[in-house]
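The values are calculated or read from the model by the stated rules, or taken from the named source; none is laboratory data. From a predicted model like this one, the values you see are computed outputs, not experimental measurements. Don't worry about glycine lacking a Cβ; one is built from the backbone with ideal geometry, like all the others, and counts go over all protein chains shown.
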Amino acid sequence: MALTTSESVEDTRSPSLNCLQITDLPEEILEFILLHLSPYRDLRCAMQVNRQWYRLVQGVIRQLYQNFYNGILEGELSWTGIAPEAGSNISERYSHCACYYDKSMYIFGGCTSTNTTFNDLWRFDLMDRKWVRPLAIGTYPSPKACASLVAYKDNLVLFGGWSHPTPYPLHQAARFFSELHIYKPEQNQWYHMNTLSPISPAPTAGHSASIVGDRMIVFGGSHVPGTGNHEVWEFNFIDLTWQRKHTTSKKPNPRYGQTQVTLDENHILVVGGCGGPNQIFNDLWLLSLDTEPWSWQEVSIQQPEFSAPQLWCHPACKVNDKIVVLSKPAKPLRTTTPDPKKATGHANKARGPPRGPQRDLPGPSGSKPTTFKRPVSESDDSSSADDEDNSSQKSDKNHWEFKHPGDVVRGRGSSPRRSPMSHSHLQSRSYVTGPDSPGPSMQAFSTSDSRPGLLGGRQNNVKNREKQLEALKKFEERLRESLARQLGSQGENQPINASSRKTCLRELRTPIHLHVLDISNVVQSQTATWQQVRENVSLEAPEETIFYSLVEGRGELVMFGGIQRDIQNMQRGMDVKSHVVSNNLFILSPSKVSL
C-alpha cells in the first residue's frame, strides 16, 4: 500500500517537473540573466531562440549601452586590466594606430622604447579577450608610427605615418609616408592602393582621419619634425581619387596630434593638437562639409577648468554625444580646508608657500599671455618633468597647495619653477630626433639659461634649497619606510585594515581620470561643455599614460599601450624610469548593472 502511494506521488509530480523550462521564468528574471551575457557573441545567439528572446535581447542591448552611457556621465566606470599572456604576445608600443571592427580591436605599427617602428598587425578578440596576430598576405605597409587607421565598410584603411631616424647600422633620417593601404579582414590580405589622382597629400604623420559616407577626410599632420599644417584632403573610395578641399579663411592653426571625429554626414569635429614648441592647443573646431567652400567654425568651450590637459598626446574617443579623454586632471580634485589666517592676509608658512612675483609668459599662438605665480618654498626644488600639465589655458585661478612637505599639488595652468636639477616649462623647447626621443609627437626641453644653478639671480637661495632638499629627502625616506611597514610587514601583531591599505596605495599613485566633453549642442550652437571630473578611486587604473589608443567596443572602452610616466615620483627625485612603454590593455565598463 505504501509503495502504491509513493508511486502515485511520483506520477503526479513528474509531469509538472518535466514541463518546467527556462522560458517559463518571468521576463524580469530572463532579462537579468541575459544582461550578464557577452554582447559580442552570446547575446546574438540568444536572439535566435524564439521571438520572445529576440524581443528581450533587443531591450537588454539597449540597457547595456544605457548603463555604459550613464557610467560615462557619472564618471563611474570600472577598470579591468588584462595582463599580457606568457609567450608570444604583442610588444610594448606607443604612437600606434587602432580602430574597432567586427567584435575586435585592430592595432598596427607604433614605436618601441628604442624608437624602432613596427609594421605588424594585431587583433584583440573582444569575445575571448585574447590577442591574435593575423599573418596576412599581400603588400605589407612600411614600418611606421603616427599613422591613421579607420574602418570603411568591410575594410581597414591605413594612411601616412613616419619612421624614426635610426643611428645604427647606418644613420638614416626620419622618413614620412604618403602610402595608402587597405586591409581586408575577411581575406586577411593587404592591398597597396595606387590612386588615379594627379595630386595627393604630401608624406605626413600625426594627422587625423575619419569616414564620412564614401569619403575619408584627412586633416593636418606634420610633413617635417616639429611643425604642423592645416590642409584638408578628401579621398573618394568610389573613384579612388584624392582632392584637396579649399576652406574658409578662418581656420585652425597648423597642428598635428589632434583627434578627429565624424558628427554626421555634414560635420566633423577636431579636438586639440600641437603646432610645435610652445603651441599646445585645447581648442575645438567644427568643419562643415555642406558649404562651398567648406567652412571652419571655432567652438566655444564651457567650463574649461575641467578640460583634459595636453589633448595632443591624449587621444579622444567619441561615445554618442560625448568625447571621452583619459588623462591626469589639470588641477587637484581634493580641495584643502581654507585657512582663516590666509583669508585675513596672514600667511601660514607651514601650510602653504608665500606668493611670489608674477610673470606674463607668451602662450600658444593666438592666445593670451599666461600668468604664472612663482612661490619661493620647498616646492621650488621639485622638478617638472610633466609636460602634460603645461597647457594653454588661462591662469586666473593659479595656486599651489601642499598635502605634506614635498608633495606639490598644482592648480589649473600652473607649473613648477625652473630647478637647477631639471628642465622646466619656462625653458625653450626643441624637437628631438635622437635615439632617446619617444617619437614625432614628443617634444623635449632644452636649457637656455646661461646661469645654471641660479634661480632669479639670488645666490643665497641655493644653499637654502640644498638644505631643504636634504630635509625633504629624509622626510620622504621616513614616509616610505612607514608605509612599507604598514603595507608589507607580516611580522606585526595587528594586521592593517584593507580600507587603510587601499587609501595608502591611492595616495602613492597618480592614476588617470575620465574627462568627458559634452558635444550635444556643438552643431546647433557651436558650444561644448567639459563636465566636472570625478575622482578615480580604482586601484586597477594605470598611471598617467600618453600616446595610447582608445576605441569604443560594445558598451565598453578599450585602452591599449602608450607611455606610462610616474610624474609624482619623478618630481620627488626618486630613482624611477622616466618613460615606461607599455603593452597593457584595460577595459572600461559600467560598474553598475541595472535593468
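Within region 96-114, which residues are closer than 16 Å to N188 by Cβ and among the small types (G, A, S)? S104 - this is the single residue of region 96-114 that is closer than 16 Å to N188 by Cβ and among the small types (G, A, S). Only helices (runs of 4 or more DSSP H) wholly contained in region 468-584 count here; list those with 1 or more residues that are within 28 Å of Y101 (Cβ to Cβ) and modelled with pLDDT of 90 or more. Correct list: 522-525. When I280, I217, I238 are checked against the criterion of being closer than 24 Å to L180 by Cβ and at pLDDT below 95, I238 stands alone in meeting it.
One residue is enough: does region 227-249 have a residue meeting the conditions touching a residue at least 60 places away in the same chain (Cβ under 8 Å) and among the acidic types (D, E)? No, region 227-249 has no match at all. Annotation note: of R255, R244, the sole residue that is in the same structural domain as T139 (by TED's automatic domain parsing), among the charged types (D, E, K, R) and under 24 Å from P315 (Cβ atoms) is R255. Taken together, the residues in region 284-299 that are in contact with a Pro (Cβ under 9 Å, 6 or more places away or on another chain) and more than 13 Å from S249 (Cα to Cα) amount to 1. Residues in region 43-76 that are surrounded by 14 or more Cβ atoms within 10 Å (Cβ to Cβ) and touching a Phe, Trp or Tyr at 6+ places or on another chain (Cβ under 8 Å): A46, M47.
Restricted to strands (runs of 3 or more DSSP E) entirely inside region 101-147, those with at least 1 residues that are polar (S, T, N, Q) and buried (at least 18 other Cβ atoms within 10 Å of the Cβ) are 104-108. Suppose the filter is assigned to a strand (DSSP E or B), buried (at least 18 other Cβ atoms within 10 Å of the Cβ), of a type in the set (V, I, T) and in the same structural domain as Q279 (by TED's automatic domain parsing); does I211 pass it? Here the answer is no, as I211 does not meet what is asked.
Filtered by the rule that a residue be under 26 Å from the mean Cα position of the chain (by Cα) and farther than 23 Å from G226 by Cβ, region 183-206 gives a lone residue, Y183. For region 284-303, a residue qualifies if it is modelled with pLDDT of 95 or more and of a type in the set (D, E, K, R), and exactly one does: E298. Every condition in (1) touching a Pro at 6+ places or on another chain (Cβ under 9 Å); (2) among the aromatic types (F, W, Y); (3) within 24 Å of E552 (Cβ to Cβ) holds for W162 except the one numbered (3).
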